[in-house]
Amino acid sequence: MVNVSVTNRIGDILAPYAEAVNTAMVSALCDEAVPATLAEAMRYACLNGGKRLRPALVMLAAETVAEKEHWLADSLGAAVAIEMVHCYSLVHDDLPAMDDDTLRRGRETCHVKFGEAMAILTGDALLTRAFEVLSGGFADAGIAMKLIGTLSAAAGPIGMVAGQVADMELCEVPPGDEGRRYIHLRKTAALLQGAVRMGGICAAANEAQLDALGEFGEKIGLAFQAADDLLDAVGSAQAIGKTPGKDAQTGKRTYAGELGIEQTRQLVTDLTDQACRALETFGPRAEKLRELTNLLAKRDR
Ligand code: GRG
């Protein structure tokens, strides 16, 4: 059953960030020099109802570090860039050679709509444009460099790509808790952790603040994945906008599959508490981030 009040409240918190990011993405994806079909496929992959969680985390983290009227504008380039990377990862993850899925965000996956070659190139184009946005989007070149370093580490061969390689059993992964943690820290948590660290960088956070955000990002990332596993195990295609039960069918190393539903629910609660504790150093300024974290533990999409 859909938990309307949780979904609505998450929507209320994310809405102003999502709106700003959607508008900025439309202009970042509107470039007459890009071949028409590629441009259409890039827009299809990005402007299609994602929650915009990662960009919201960038901007919420910036607000958590320091009070300033214009954080939304000052961290927007970082927010757009990380959402482009996320959208690329979804397009590539859905490909026949990877998860081979036909449904994403409630509609046909990019390769079903545009063909496999165009979907591969769409992912390539989104990934590279993300770094173009970062390199040109900040008056302070030092901040741009730190953002580029953080996003490439989170998304690349020690981050999300490593997680995907492990998830697809293309490298050796230890059995049990250790292996599962290895996969999910990289496949999912790395980008969420990258998001909050990028927000901290935009707000000129000090090392201790970046560490606290990093700890928060790791815990929320693992909680998010465990909650996603629960949705895959018990959710409906209509609610989650993708094919449910896929993980079990394909023998994926999921929390729900390996720990069972009840233990996974408890894990989501524990990781959510740990994430909120990591924010203590920010006091009341972290309230919105804490509320979102608690709501995400109960999400149903
Ligand atoms: C192809 C390098 C490469 C990596 C793919 C993102 C990913 C790694 C795989 C997708 C499958 C999956 C379940 C990943 C875990 C991360 C996750 C829960 C993604 C979905 O994120 P949401 O719920 O999606 O924020 P929306 O559509 O709302 O943006």
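The values are calculated or read from the model by the stated rules, or taken from the named source; none is laboratory data. Remember, it's a predicted structure, so these values are computed and weren't measured experimentally. Glycine also receives a Cβ, built like all others from the backbone with ideal geometry; neighbour counts cover every protein chain displayed. Calculation scope for accessible area: heavy atoms of the full protein, side chains included, ligands and nucleic acids excluded. Shrake-Rupley method; radii C 1.70, N 1.55, O 1.52, S 1.80 Å.
Per-structure values
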quantity	calculated
Table column - 3J(HN,Hα) (Hz), the stretch 76-91, Karplus curve with 6.51, -1.76, 1.60, x for Gly and Pro	4, x, 5, 5, 5, 4, 6, 5, 4, 5, 4, 5, 4, 5, 5, 4
R0 of 35 Å, Cβ-Cβ distance V234-E40: FRET efficiency to nearest 0.05	0.50
Built amide H within the under 5 Å cut-off of R104, gap 5+	T109
Residues in the stretch 179-199 reached by a label modelled at E172 [backbone nitrogen below 17 Å; 7 Å Cα→Cβ]	179-180, 182-183
Per DSSP, loop GluC sites (Glu not before Pro) in the stretch 163-205 with at most 12 further Cβ within 10 Å	E169, E172
Residue-wise HN-Hα coupling along the stretch 30-35, computed from phi with Karplus coefficients 6.51, -1.76, 1.60 (Hz; x: Gly, Pro)	9, 8, 5, 6, 7, x
Carbon plus sulfur fraction of accessible area for the stretch 19-88, probe 1.4 Å, in percent	52 percent
Ratio of Rg to Rh over the chain (Cα coordinates, Kirkwood Rh, two decimals)	0.94
Neighbourhood net charge (13 Å Cβ-Cβ; Lys/Arg +1, Asp/Glu -1) for T37	+1
Cβ-based net charge around G156, under 13 Å, with every Lys or Arg adding one and every Asp or Glu removing one	+2
³J(HN,Hα) computed for each position of the stretch 174-183 - Karplus, 6.51 cos²θ - 1.76 cosθ + 1.60, integer Hz, glycine/proline x	x, x, x, 4, 4, x, 4, 5, 4, 5
Spacing of the two label points (7 Å from each Cα toward its C-beta) at R105 and T250, in nm	1.9 nm
